[in-house]
Amino acid sequence: MELIWKMRGYMKLCTRRYLIAFFALQTVAILNLAPPWLIGRIVDAISNDALTSQLLMTHLAGIFVAAIAMYALRYVWNSQLYGAAIEISRVIRRDLFLHFTAMSPSFYGKHSAGDLMAHATNDLNAVESAAGDGVMTLVDSLIAGFTVIFGMVFLVSGHLTAVALLPFPLLVLVTNRYGAGMQKHFGRAQQAFSHLNEEVRETVAGIRAVRSHGINPRQKARFGEKLDETLEANIDVAKIDSLFGPTIQLIYGTSFVITLAYGGWMISENAITVGLFTSFTLYLAQLLGPFLQFGWQFNVFQRGNTSWKRLEALFAQKPDVVEGHAVIPNGASSNLSVNVRSFAYNSSIRTSSTDTSTIDMSSADTSRPVLKDVAFTIPAGGFIGITGPTGGGKSTLISLIMRQYGLSDMQSEITLAGMNTEHLTFDSLRGKLAWVPQKPLLFSGSISENIAMGKPHATEEEIAFVAEMAGIKQEIEAMTGGFNAALNENGANLSGGQRQRVALARALLVDADILLLDDPFSALDMKTEAIVRHNLKKHYGHKSMLLVTQRLPNLRHADDILVLDQGEVIERGKHQALMTEKGWYAAVYERQAHTHVQLNTSITHDNHDVNNADAEEGSHVE
């Protein structure tokens with residue numbers, strides 16, 4: 001009952017279905033009284049030697065008509081109740097999916113993909129079963145049970161009914177006790193399944209690494225441990241589950257024995273006839289079904305209630321970043337200003353509720369600021385370069401600009417077109433930004449669909465153009481199917497460089513004012529990189545650009561270069577100024593320059609135009 005109250009909002013969506021089902025159930029329960037009553041009359045007629053062919057045929061016809069009517073009505077209430085359960089499950093699945101897509105990255109730092117999939121499958125299946133089978137058996141057992149008891153009292157004997165029902169209060173006490181244990185062990189079983197699900201997902205997703213490093217025995221051992229935990233938890237559930245049926249049958253058997261003894265005495269005292277006692281025993285037999293259903297539905301509701309609590313825990317978590325309501329005016333200059341005084345993941349809740357349960361705690365020391373005193377401005381058409389040692393906070397900076405995390409310091413601020421990004425709608429903010437992540441993510445579907453993801457109605461010519469700008473058009477056309485070639489999960493049938501360039505093409509197609517490029521050339525060879533840089537300079541030089549890269553020759557013509565180390569700016573300036581300082585930037589650049597020059601020389605023979613473009617001064621990207 002607790003679960004029904006919690007789910008009342010969803011069940012209201014299917015009020016019509018439930019009303020039709022309940023009406024059909026009540027009608028079936030009433031019709032179900034007819035056969036035992038008619039059989040009792042036949043028995044009395046036989047006892048009194050008054051049975052005629054007409055009486056027998058009339059009563060048998062009545063039983064047959066009742067059976068046909070109950071058959072039709074059972075189809076009605078079954079289809080309506082299960083239809084309601086499926087509809088409720090559909091709505092909950094939709095709401096859960098929308099909730100997942102609205103959550104911040106910190107939510108996924110706390111919950112593994114396998115755990116979330118277990119919630120979306122096993123837990124939702126348990127809730128659906130409660131909304132369908134559980135409600136069906138609950139209503140059926142209540143309606144049928146009370147209707148049969150009504151018939152026993154008013155058609156046969158109230159005294160005999162009271163005696164027959166003496167053992168049944170034990171049923172409530174026992175099922176309550178079993179239910180508490182069921183809820184505890186089923187919750188443990190669901191959690192064990194989540195861990196098993198994540199173990200399988202992780203192994204399958206990393207199957208290449210598993211095979212390459214020869215860690216199959218390790219993964220098998222880990223899977224075996226999770227499987228044993230799941231098996232043990234489900235055995236505990238099965239032990240309690242197996243108690244319901246025998247307990248109910250024992251209580252029912254006790255009631256039947258008492259009924260036979262007391263009923264025999266009443267017949268000997270001429271208190272009831274043999275026919276009425278026959279009807280009563282048939283009614284009592286009909287009670288077995290509702291009481292078995294009562295125990296079974298109690299089990300189903302306990303499972304559903306446990307799963308619903310797990311789902312509620314997910315629904316209760318709110319995004320760290322709350323969407324604003326302001327919109328950037330048309331024609332506004334896309335100046336981006338960043339001023340991060342301090343940022344740490346464990347306190348990135350300034351724009352969210354005070355619930356810290358969704359904060360990402362995956363890093364070793366989340367109290368240490370990831371970024372500190374980082375400030376710069378990208379004017380419309382400007383070019384800012386970000387570099388520095390690994391773990392310096394470069395990708396985190398882009399995440400803050402994208403508002404994947406909220407700023408944790410009250411004095412920090414990021415503005416776009418002069419407007420605080422915290423006040424902007426996500427569509428308005430992200431419509432001005434095109435992002436190429438450090439690890440590109442591709443989706444199942446065709447190459448064309450992946451490129452056009454940010455602009456679904458793009459023409460074939462537009463898609464082909466941005467693919468050419470990303471330096472991958474010829475490679476796509478050489479594939480079987482060309483742009484319609486199907487991609488495996490996360491583009492597994494493409495190389496790392498091809499995935500990066502498809503992601504770059506996707507960002508270019510959006511035609512946003514600001515390009516946020518997070519190490520977009522890391523998987524490219526120098527020759528391909530030079531071609532892509534040339535295309536970016538020639539066709540996208542008017543765009544604002546924030547380029548995160550470890551390949552320092554790409555930053556030679558940046559308007560400003562920031563070197564981040566441990567979240568702080570340790571060097572800053574234009575290329576020549578940084579080379580003069582002889583710091584980290586100069587040392588790394590000199591190590592890379594020799595290789596860069598050698599490869600540029602080889603590229604000259606294949607693509608003279610690209611080298612000419614690289615030599616242009618005042619250009620946007622190199």
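Do any helices (runs of 4 or more DSSP H) entirely within the stretch 414-503 hold 3 or more residues that are in the same structural domain as GLN404 (by TED's automatic domain parsing) and either at negative phi or not polar (S, T, N, Q) (or both), and if so, which? Break it down into steps so the answer makes sense when it comes.
On the way: elements: 426-430, 447-451, 460-469, 473-478.
Here the list reads 426-430.
Restricting to the stretch 173-211, count the residues that are more than 21 Å from ASN125 (Cα to Cα) and in contact with a Ser or Thr (Cβ under 7 Å, 6 or more places away or on another chain).
2
Each row is one residue, and each column tells you yes or no for (1) polar (S, T, N, Q); (2) buried (at least 17 other Cβ atoms within 10 Å of the Cβ); (3) in contact with a Phe, Trp or Tyr (Cβ under 7 Å, 6 or more places away or on another chain).
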site	(1), (2), (3)
LEU166	no, no, no
PRO169	no, no, no
THR175	yes, yes, yes
TYR178	no, yes, yes
GLY181	no, no, no
LYS184	no, no, no
ALA189	no, yes, no
GLU198	no, yes, no
ARG211	no, no, no
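Considering the stretch 557-575 alone, what residues qualify as being polar (S, T, N, Q) and under 14 Å from ALA587 (Cβ atoms)?
Residues of the stretch 557-575 polar (S, T, N, Q): 566.
Passing the criteria: none in range.
Give all pairs with beta carbons closer than 9 Å in which a residue from the stretch 406-420 that is within 23 Å of PHE107 (Cβ to Cβ) meets a residue that is of a type in the set (Phe, Trp, Tyr) and buried (at least 20 other Cβ atoms within 10 Å of the Cβ); count only pairs at least 6 apart in sequence or on separate chains.
LEU407/PHE343; SER408/PHE343; SER408/TYR345; ASP409/PHE343; SER412/PHE343
Yes/no per residue for (1) assigned by TED's automatic domain parsing to the domain that holds GLN297; (2) touching a residue at least 12 places away in the same chain (Cβ under 8 Å); (3) acidic (Asp, Glu); (4) closer than 20 Å to ALA113 by Cβ:
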| site | (1), (2), (3), (4) |
| --- | --- |
| PRO169 | yes, no, no, no |
| THR175 | yes, yes, no, no |
| LEU196 | no, yes, no, yes |
| GLU202 | no, yes, yes, yes |
| GLY214 | no, no, no, no |
| GLU225 | no, no, yes, yes |
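Out of the residues in the stretch 1-45 meeting the condition of being among the β-branched types (Val, Ile, Thr) and touching a residue at least 24 places away in the same chain (Cβ under 8 Å), tell me which one is nearest to PHE146 (Cα to Cα). Talk me through it step by step, then tell me what you get.
To start, the set of residues in the stretch 1-45 that are among the β-branched types (Val, Ile, Thr) comprises 4, 15, 20, 27-28, 30, 39, 42-43.
Of the ones still in play, those that are also touching a residue at least 24 places away in the same chain (Cβ under 8 Å) are 4, 20, 27-28, 30, 39, 42-43.
Details: ILE4: 21, ILE20: 19, THR27: 13, VAL28: 13, ILE30: 10, ILE39: 21, ILE42: 25, VAL43: 25 Å.
Restricting to residues being among the β-branched types (Val, Ile, Thr) and touching a residue at least 24 places away in the same chain (Cβ under 8 Å), the top hit is ILE30.
Considering only residues that are surrounded by fewer than 17 Cβ atoms within 10 Å (Cβ to Cβ) and touching a helix residue (DSSP H, G or I) at 6+ places or on another chain (Cβ under 8 Å), look in the stretch 220-231 and name the one that is farthest from PRO169 (Cα to Cα).
In the first step, residues of the stretch 220-231 are kept if they are surrounded by fewer than 17 Cβ atoms within 10 Å (Cβ to Cβ); the result is 220-225, 227-228, 231.
Within this subset, residues satisfying the condition of being touching a helix residue (DSSP H, G or I) at 6+ places or on another chain (Cβ under 8 Å) are 222-223, 227.
Working: ARG222: 47, PHE223: 45, LEU227: 40 Å.
The extreme case among them is ARG222.
Of the residues that sit in the stretch 1-56 and are more than 30 Å from LEU96 (Cβ to Cβ) and of a type in the set (Ser, Thr, Tyr), which one is nearest to the chain's Cα centre (by Cα)?
Among those residues, the one meeting the criterion is THR27.
Note down all Cβ pairs under 6 Å where the first residue falls in the stretch 110-126 and is touching a residue at least 12 places away in the same chain (Cβ under 8 Å), the second is small (Gly, Ala, Ser) and crowded, with 17+ Cβ neighbours inside 10 Å, and they're at least six residues apart or on different chains.
So the pair list comes out as ASP115/SER194; ALA118/SER194; ASP123/SER307; ALA126/GLY304; ALA126/SER307.
Scan the stretch 477-535 for residues that are surrounded by fewer than 22 Cβ atoms within 10 Å (Cβ to Cβ) and among the aromatic types (Phe, Trp, Tyr) and report the count.
Number satisfying all stated conditions: 1.
Just checking: which of the helices (runs of 4 or more DSSP H) contained wholly in the stretch 511-620 hold 2 or more residues that are at pLDDT below 90 and in the same structural domain as GLY393 (by TED's automatic domain parsing)?
584-606, 608-615
Quick test for you: out of THR259, THR278, THR254, pick the one residue that is in contact (Cβ under 8 Å) with a residue 40 or more places away in the chain, surrounded by fewer than 18 Cβ atoms within 10 Å (Cβ to Cβ) and closer than 24 Å to HIS159 by Cβ.
Numbers: THR259 fails: surrounded by fewer than 18 Cβ atoms within 10 Å (Cβ to Cβ); THR278 fails: surrounded by fewer than 18 Cβ atoms within 10 Å (Cβ to Cβ).
Checking each option against the conditions leaves just THR254.
Is it fair to say GLN249 is part of a helix (DSSP H, G or I), outside the structural domain of GLY145 (by TED's automatic domain parsing) and surrounded by 14 or more Cβ atoms within 10 Å (Cβ to Cβ)?
Values: part of a helix (DSSP H, G or I): yes; outside the structural domain of GLY145 (by TED's automatic domain parsing): no; surrounded by 14 or more Cβ atoms within 10 Å (Cβ to Cβ): yes.
No; evaluated as a whole, the condition is false for this residue.
Of the residues GLY496, GLY482, which is in contact with a helix residue (DSSP H, G or I) (Cβ under 8 Å, 6 or more places away or on another chain) and small (Gly, Ala, Ser)?
Details: GLY496 fails: in contact with a helix residue (DSSP H, G or I) (Cβ under 8 Å, 6 or more places away or on another chain).
Matching residue, one of GLY496, GLY482: GLY482.
The values are calculated or read from the model by the stated rules, or taken from the named source; none is laboratory data. Predicted, not measured: the structure shown is a model, and the values here were computed from it. Glycine also receives a Cβ, built like all others from the backbone with ideal geometry; neighbour counts cover every protein chain displayed.
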